[in-house]
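J.: Mind looking over this structure? Questions follow.
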Amino acid sequence: MVKTAEELALMRVSGRLLAQVFEMLDGVRLSGMSTLAINDLVERYITHDLSARPASKGQYGFAYVLNSSINQVVCHGVPNAGDVVKDGDIVNLDITLEKNGFIADSSKTYMVGDVSPGAKRLVRVTQEAMWKGIRQVRPGARLGDVGAAIEKHAKANGYSVVRDYCGHGIGREMHEAPDVMHFGRPGTGVPLREGMTFTIEPMINQGTRKVSTSDDGWTVVTDDGKLSAQFEHTVAVTRSGVEVLTLRTGEKMG
């Protein structure tokens, strides 16, 4: 679980490249684009512009470079030419990238066009919840501190935290130990040590936390059809606290 200084240096490279992917997407008009078109745009950018590898493609038999999760889709949405992003949608784009043998993982929920006040609030609180969790990361803290901070913020705002999916250690493999739950009790769970790297990626629902997997075997949706949002960063435990390896230019810790 603990990376050497040399390994962390390589992970910073992957994280910075992945941040550039989102910086590129920030300038794209998503309304009217199919999720498959977004997928193809990202694949070209990663492979041609960044000379890196989209790590999700081929992982567990998945054929695409990203997950595109619109509105009530919680996670693992499959890019499709028939799924067109519309004005008023929220869409989470979850992307991984590998460079020099190390993987970075990040996601962002985009608000497309004129989004309802309820959707805006959900997206804002979800991003805040991620940062609440990230701010708990330091040597000697425990993973339960991270999950508890996320859950407390979500519940205080009337939302639920999906429990079926979690963050994860990351490095040479996309999914390494430990599992990073987005709920829990302070003072419990795996103790954090300098050099650990993992993702924090809460999925927050407007209604019930219960979810179901669609017939395609990938797409996870809310049971009640209400909206879900997600944000994700890859982080490293430092001597004095936390480093966000996928932090984007101009982005500040919330």
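J.: Taking 0.36 nm per residue of sequence separation and subtracting the Cα-Cα distance, how much length would be gained by fully extending the chain between His175 and Thr238, in nm to one decimal?
T.: 20.6 nm
J.: Using Cα centres only, tell me the gap between the stretch 199-214 and the stretch 133-190 in whole Å.
T.: 14 Å
J.: Given Cα pairs under 8 Å that are at least 6 residues apart, what percent is the relative contact order of the chain?
T.: Over the chain, the number comes to 23 percent.
J.: Residue separation times 0.36 nm, minus the C-alpha to C-alpha distance between Glu251 and Arg163: what's the value?
T.: This chain segment gains 29.0 nm when fully extended.
J.: Rounded to the nearest 500 deg cm²/dmol, what is the calculated helix-only ellipticity per residue at 222 nm for the chain, with -39500 (n - 2.57) per DSSP H run of length n ≥ 4?
T.: -8500 deg cm²/dmol
J.: Accessible area of the chain with a 1.4 Å probe: how many percent of it is carbon plus sulfur?
T.: Details: 5220 of 10720 Å².
Carbon plus sulfur share of accessible area: 49 percent.
J.: So what J values fall out for the stretch 141-156 if you push phi through Karplus, 6.51 cos²θ - 1.76 cosθ + 1.60 with θ = phi - 60°, rounded to Hz, Gly and Pro as x?
T.: 6, 10, 4, x, 5, 5, x, 5, 5, 5, 5, 4, 5, 5, 5, 4
J.: On to the next question. If Tyr159, Tyr45 are ordered by their accessible area, calculated over protein heavy atoms with a 1.4 Å probe, which sequence runs from highest to lowest?
T.: Output order, biggest surface exposure first: Tyr45, Tyr159.
J.: Further, regarding this structure: Ordering Arg193, Arg248, Arg16, Arg29 by accessible area with a probe of 1.4 Å, largest first, what comes out?
T.: Sorted by accessible area, descending: Arg29, Arg193, Arg16, Arg248.
J.: Note down the magnitude of the dipole of the stretch 78-185 about its Cα centre, charges +1 on Lys and Arg C-beta and -1 on Asp and Glu C-beta and zero elsewhere, to the nearest 20 debye.
T.: I would put it at about 600 debye.
J.: Applying the Karplus parametrisation 6.51 cos²θ - 1.76 cosθ + 1.60 with θ = phi - 60° to the phi angles of the stretch 243-253, what ³J(HN,Hα) value in whole Hz is obtained for each residue in order, glycine and proline being reported as x?
T.: 10, 8, 6, 9, 4, 8, 4, x, 7, 10, 4
J.: Once ligands and nucleic acids are excluded and a 1.4 Å probe is used, how much of Ser116 is accessible, expressed in Å² to the nearest 10?
T.: Ser116 has an accessible surface of roughly 60 Å² with all protein chains in place.
J.: Report Rg (one decimal) and Dmax (nearest whole number) for the stretch 114-254, counting Cα atoms only, units Å.
T.: Rg then Dmax for the stretch 114-254, in Å: 15.0, 46.
J.: What ranking of Cys166, Cys75 comes out by heavy-atom accessible area, probe 1.4 Å, highest first?
T.: The ordering from most to least exposed comes out as Cys166, Cys75.
J.: Considering the chain as a Gaussian network with a 10 Å cut-off on Cα pairs, which listed residue, Glu201, Glu243, Glu23, attains the greatest mean-square fluctuation?
T.: Ranking Glu201, Glu243, Glu23 by mean-square fluctuation puts Glu23 first.
J.: In addition: So I have (i) 18.8; (ii) 18.0; (iii) 20.5, and one of them is Kirkwood radius over Cα pairs in Å calculated from this model. Which one is it?
T.: (ii)
The values are calculated or read from the model by the stated rules, or taken from the named source; none is laboratory data. Note that this is a predicted model, so its numbers are computed, not measured. Heads up, the Cβs are rebuilt from the backbone with ideal geometry, glycines too, and the neighbour counts pull from every protein chain shown. We work out accessible area using only protein heavy atoms, side chains counted, and drop any ligands, DNA or RNA first. Shrake-Rupley method; radii C 1.70, N 1.55, O 1.52, S 1.80 Å.
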